[in-house]
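**Q** The structure is given below, and queries will be raised subsequently.
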Amino acid sequence: MQARSDLSRRQGRKIAFVPTMGFLHEGHLSLMKAGHKRADEVIVSIFVNPTQFGPGEDLEAYPRDFDRDCRLCEKEGVNIIFAPDAKELYPNGFQTYMTLEKLPHHLCGISRPSHFRGVATVVSKLFNIVKPHIAIFGEKDFQQLQVIRRMVKDMNFDVEIVGAPIVRETDGLAMSSRNTYLSPEQRVSALSLCKSLQKAKEMTASGVTDATKIIDATIKLIRNYPETAIDYVAVCDPETLDDMKIIDKPAVMALAVKVGKTRLIDNMMLAERV
Ligand code: AMP
């Protein structure tokens with residue numbers, strides 16, 4: 001992979017990189033399209049990264065369909081699929097990890113304490129292997145995008161990070177490989193995430209600035225749907241992810257909700273500029 005990227009670079013070709021865990025959907029494809037707009041070639045990685053899963057999480061059950069993924073990538077004009085196996089990326093003796101001091105102590109990092117260490121580590125490795133000029137990440141994983149931006153700044157990675165908007169189903173559900181776990185009834189309950197975010201945004205637009213009020217309304221709405229268990233609902237500063245009490249500057253609402261056994265996340269900017 002490194003030799004192939006060196007060659008592209010020598011030929012003056014700009015490389016865009018889209019890291020994924022596969023089981024591709026329109027959200028992933030939108031990142032590939034964004035890559036094509038900005039670069040000469042698009043490289044997609046497909047790797048279900050074990051170090052970002054905690055004990056008892058869905059590493060083994062995570063949906064996989066490599067052949068289908070290949071067909072979708074081909075349709076999108078992807079130049080290379082990089083699909084290593086776990087032993088290649090984490091051989092015996094592996095012991096170097098990338099940790100951030102602050103950002104992982106918010107939102108998803110609270111219930112998934114080793115998750116962002118795994119994400120930052122694998123993304124660092126993939127950057128060194130794929131050698132892209134730009135890398136595209138979805139805003140769906142908002143905290144992940146901020147972690148990567150921070151890591152790239154702090155560690156002087158020579159990669160431009162591009163964030164791409166959340167792609168949703170027509171009824172508003174944010175696309176996710178994990179949506180396949182949902183039963184038809186749970187699929188209805190999963191709409192509580194985007195509906196409550198929409199309501200929070202409307203409250204903000206109508207002049208409510210008290211974050212607690214907005215969070216309470218969000219929690220109430222989600223609890224009305226069967227089989228939902230809230231992990232967190234937060235209104236926070238989009239860069240530091242620190243909680244905000246009063247919405248007097250740009251704010252994002254982020255939430256994680258278990259629907260049955262499936263943990264779903266979503267987010268929305270409540271105020272871009274105040
Ligand atoms: P994953 O395969 O879930 O690790 O996701 C790979 C990349 O696709 C990440 O940068 C995600 O943020 C992005 N992504 C996943 N779902 C969506 C979505 N619905 N809209 C936009 N980007 C997404």
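**Q** Scan region 172-179 and tell me whether some residue there is buried (at least 20 other Cβ atoms within 10 Å of the Cβ) and assigned to a strand (DSSP E or B).
**A** Yes; the residues of region 172-179 include at least one that is buried (at least 20 other Cβ atoms within 10 Å of the Cβ) and assigned to a strand (DSSP E or B).
**Q** Could I ask something else about it? Taking the residues in region 3-35 that are part of a helix (DSSP H, G or I) and either more than 21 Å from the chain's Cα centre (by Cα) or not assigned by TED's automatic domain parsing to the domain that holds Cys73 (or both) as candidates, determine which candidate is farthest from the ligand (Cβ to nearest atom).
**A** The selected residue is Arg10.
**Q** Okay, moving on. Looking only at region 155-171, how many residues end up being in contact with a Leu (Cβ under 8 Å, 6 or more places away or on another chain) and part of a helix (DSSP H, G or I)?
**A** 0
**Q** Can I ask one more? Quick one: would you say Phe23 is open to solvent by 30 Å² or more (accessible area, probe 1.4 Å) and of a type in the set (Phe, Trp, Tyr)?
**A** On the way: open to solvent by 30 Å² or more (accessible area, probe 1.4 Å): yes; of a type in the set (Phe, Trp, Tyr): yes.
The answer is yes for Phe23.
**Q** Same structure, new question: Could you tell me which of the residues Gly77, Gly109 is at positive phi and at pLDDT 95 or above?
**A** When all the criteria are applied, what remains is Gly77.
**Q** Which condition does Arg38 not pass, out of (1) in contact with a strand residue (DSSP E or B) (Cβ under 7 Å, 6 or more places away or on another chain); (2) of a type outside the set (Asp, Glu); (3) away from the ligand (no atom under 14 Å from the Cβ); (4) open to solvent by less than 80 Å² (accessible area, probe 1.4 Å), if it passes all the others?
**A** The number of the failed condition is (4).
**Q** Output the residues belonging to region 118-136 that are in contact (Cβ under 8 Å) with a residue 40 or more places away in the chain and in contact with a Leu (Cβ under 8 Å, 6 or more places away or on another chain).
**A** Those that are in contact (Cβ under 8 Å) with a residue 40 or more places away in the chain and in contact with a Leu (Cβ under 8 Å, 6 or more places away or on another chain): Val122, Ile136.
**Q** Same structure, new question: From (1) touching a helix residue (DSSP H, G or I) at 6+ places or on another chain (Cβ under 8 Å); (2) in the same structural domain as Gly109 (by TED's automatic domain parsing), pick out the condition that doesn't hold for Val257.
**A** With respect to (1) touching a helix residue (DSSP H, G or I) at 6+ places or on another chain (Cβ under 8 Å); (2) in the same structural domain as Gly109 (by TED's automatic domain parsing), Val257 is out only on (2).
**Q** Follow-up question, since we're still on this one. For residues that are over 25 Å from Glu101 (Cβ atoms) and in a loop (DSSP other than H, G, I, E, B), scanning just region 212-261, find the one that is least open to solvent (accessible area, probe 1.4 Å).
**A** Ranking the qualifying residues of region 212-261, first place goes to Ile247.
**Q** While we're on this one: (1) within 19 Å of Thr20 (Cα to Cα); (2) touching a strand residue (DSSP E or B) at 6+ places or on another chain (Cβ under 6 Å); (3) away from the ligand (no atom under 16 Å from the Cβ): which one isn't true of Lys140, the others all being true?
**A** Answer for Lys140: the failing condition is (3).
**Q** Please enumerate the residues belonging to region 43-62 that are of a type outside the set (S, T, N, Q), open to solvent by less than 30 Å² (accessible area, probe 1.4 Å) and within 13 Å of the ligand (Cβ to nearest atom). Walk me through it before giving the result.
**A** Here is the first cut: in region 43-62, the ones of a type outside the set (S, T, N, Q) are 43-44, 46-48, 50, 53-62.
Now drop any that are not open to solvent by less than 30 Å² (accessible area, probe 1.4 Å), which leaves 43-44, 46-48, 53-54, 62.
Selection gives Val44, Ile46, Phe47, Val48, Phe53, Tyr62.
This table checks each residue for (1) among the hydroxyl-bearing types (Ser, Thr, Tyr); (2) farther than 30 Å from Val235 by Cβ; (3) part of a loop (DSSP other than H, G, I, E, B); (4) within 16 Å of the ligand (Cβ to nearest atom).
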site	(1), (2), (3), (4)
Arg64	no, yes, yes, yes
Arg68	no, yes, no, yes
Gly77	no, yes, yes, no
Ile81	no, yes, no, yes
Thr121	yes, no, no, yes
Arg150	no, no, no, yes
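**Q** His106 fails exactly one of the following numbered conditions: (1) within 16 Å of the ligand (Cβ to nearest atom); (2) under 12 Å from Leu241 (Cα atoms). What is the number of that condition?
**A** (1)
**Q** Here are some residues: Glu185, Glu202. Which one is assigned to a helix (DSSP H, G or I) and more than 13 Å from Met268 (Cα to Cα)? First the steps, then the outcome.
**A** Details: Glu202 fails: more than 13 Å from Met268 (Cα to Cα).
That would be Glu185, the only listed residue that is assigned to a helix (DSSP H, G or I) and more than 13 Å from Met268 (Cα to Cα).
The values are calculated or read from the model by the stated rules, or taken from the named source; none is laboratory data. This is a predicted model, so every value here is computed, not measured. A quick note on method: Cβ atoms are made from the backbone with ideal geometry, for glycine too, and the neighbour counts reach across all protein chains shown. When the accessible area is computed, the model is the full protein with side chains, heavy atoms only, and any ligands, DNA or RNA have been set aside. Shrake-Rupley method; radii C 1.70, N 1.55, O 1.52, S 1.80 Å.
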